[in-house]
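The values are calculated or read from the model by the stated rules, or taken from the named source; none is laboratory data. Please read these numbers as outputs of a predicted model, since none were measured by experiment. Cβ sites come from the backbone with ideal geometry, for glycine too, and all protein chains shown count toward neighbours. What goes into the accessible areas is simple: the full protein's heavy atoms, side chains included, and nothing from ligands, DNA or RNA. Shrake-Rupley method; radii C 1.70, N 1.55, O 1.52, S 1.80 Å.
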Amino acid sequence: MSKLKDLGVNLGLTLGGLLMGVVIGEIGLRVAKVEGYPKIGDFADSAPTRFHTSDQNLGWKLKPGVSGEWNGEGASFVQVNSEGLRDREHTKAKPPNTLRVAVLGDSFTEAIHVPVEQTFWSKLERKLGNCEAVKGRKNVEVMNFGVQGYGTAQALIMLRKKVWDYNPDIVILAFFIGNDVINNSPQLEYDLYRPFFAYDASGKLVPDMSFRNRAPIDRNERAVSFVDRMPSLIVNNSRILQVIKKVDLERKKRELSEDFTALSTQNLKEPQNAAWQEAWRVTEGLIVTMRNEVVQKKADFLVVTIGDPMQVRPDAPMRKDFMTKNNIQDLFYPDRRLEKLGAREGFRVLNLSEQIQGYTEKYQVCAHGFENSVPCGGHWNELGHRLASILINRNLCQQLKQSQLPKKQP
């Protein structure tokens, strides 16, 4: 009996000591003004940014009507229209005598890193209006359907679910070399709260919407702390848990950055294993499917490749050293691969990387990066958007001009 009593006393003292330690820790962190990360909202609604919300077809989308300041990388005032596009309002019925261009893509196209008037699609709209082949048109509208984090699978679904409502004359797929192939593969992609496509036994590309059965908190194990699985009431009233969450997530963020840096170099090589081979096969199939559907709607299709920041670095020795360290033979392998796909399947591919690299190297400037983020890395800055708008406008203007030329008699 006395042993049981002693055990109870020791257990009580231990628990009391732990409780006292927690209380002292909570008070100490508050006095020292040490803060962590609270638990806020639904994970699907908070990712990838507060401007986005969940979607049963796309994984996530921009919240219709949301607005606010963005200062995470670059800076802008973000305004999302009533249809969930980072753009001004557009009527679904195309106005008479109007040339309408729809642009699909990811964060480079959504472009919250720069003000709207600096985005390539906004600049393109103004430039196209001065194109000789468009002079007879009353209006030019370039519409932005880009959403942060989208791969080609989501771009195809966006085309089907939303773009055709606006009856565009031209559809542009802005393809980011840095991660779009990865985004299309459940074996390579970290964020699984998204639709994928796969080839079935008959060789047909079919959608995989199993993400709908995945809890939002399970979308990306590299972006969630074990603390997030605790009740919000407990986490949001415990400074200790909030600090633990912060430490845990910052560790995972560093690991993810290192892993993704190693993974992203594979974009610039021929596929090294079965996962990469299938990722490219699905990606190319998605692009061809998109082309087919655009042609069926009697619209024009253009793929524009957006380069990885390393491809357009102004420092030639740095690029060469990067290629040597990562055993990369051709820094523009993915661009040339897509170019060959276009030539084989009969659609135009505009590779921006080499042309932008020529400019950045000549003038020793960066087309990517901001003062409040990674220098010469990350997303396009104002220069990157301006150069892209010039090159895309030149391509479209030439194509429009050729389409107006009288056809030669046989």
(message) Can you tell me which residue is most open to solvent (accessible area, probe 1.4 Å) among those in the stretch 127-169 that are in contact with a strand residue (DSSP E or B) (Cβ under 8 Å, 6 or more places away or on another chain) and farther than 21 Å from residue 84 by Cβ?
(response) 138
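Listed here are the residues, each with its yes/no results for (1) open to solvent by 50 Å² or more (accessible area, probe 1.4 Å); (2) modelled with pLDDT of 90 or more.
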residue	(1), (2)
204	yes, yes
226	yes, no
236	yes, no
243	no, no
251	yes, no
256	no, no
272	yes, no
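Can you go through 107, 54 and tell me which one is within 17 Å of the chain's Cα centre (by Cα) and over 23 Å from residue 376 (Cα atoms)?
Numbers: 107 fails: over 23 Å from residue 376 (Cα atoms).
Of the residues listed, the single one that is within 17 Å of the chain's Cα centre (by Cα) and over 23 Å from residue 376 (Cα atoms) is 54.
Check whether at least one residue in the stretch 248-269 is touching a Ser or Thr at 6+ places or on another chain (Cβ under 8 Å) and among the small types (Gly, Ala, Ser), and report yes or no. Spell out how you get there, then give the answer.
Filtering the stretch 248-269 for residues touching a Ser or Thr at 6+ places or on another chain (Cβ under 8 Å) gives 248-249, 252.
Filter once more, so that each one left must be among the small types (Gly, Ala, Ser): none.
Scanning the stretch 248-269, I find no residue that is touching a Ser or Thr at 6+ places or on another chain (Cβ under 8 Å) and among the small types (Gly, Ala, Ser), so the answer is no.
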(message) Name the single residue that is nearest to residue 400 (Cα to Cα) among those in the stretch 295-315 being in contact with a helix residue (DSSP H, G or I) (Cβ under 6 Å, 6 or more places away or on another chain) and part of a loop (DSSP other than H, G, I, E, B).
(response) 307
(request) Say whether the condition of being open to solvent by 50 Å² or more (accessible area, probe 1.4 Å), in contact with a Lys or Arg (Cβ under 7 Å, 6 or more places away or on another chain) and more than 14 Å from residue 309 (Cα to Cα) is met by at least one residue in the stretch 349-366. (result) no
(request) All but one of (1) open to solvent by less than 30 Å² (accessible area, probe 1.4 Å); (2) on the phi > 0 side of the Ramachandran plot; (3) in a loop (DSSP other than H, G, I, E, B) hold for residue 112, so report the exception by its number. (result) (2)
(message) Filter the stretch 258-270 down to the residues that are modelled with pLDDT of 90 or more and open to solvent by 70 Å² or more (accessible area, probe 1.4 Å) and list them by number.
(response) 270
(message) Tell me whether the stretch 148-168 contains one or more residues that are at pLDDT below 95, in a loop (DSSP other than H, G, I, E, B) and farther than 30 Å from residue 99 by Cβ.
(response) no
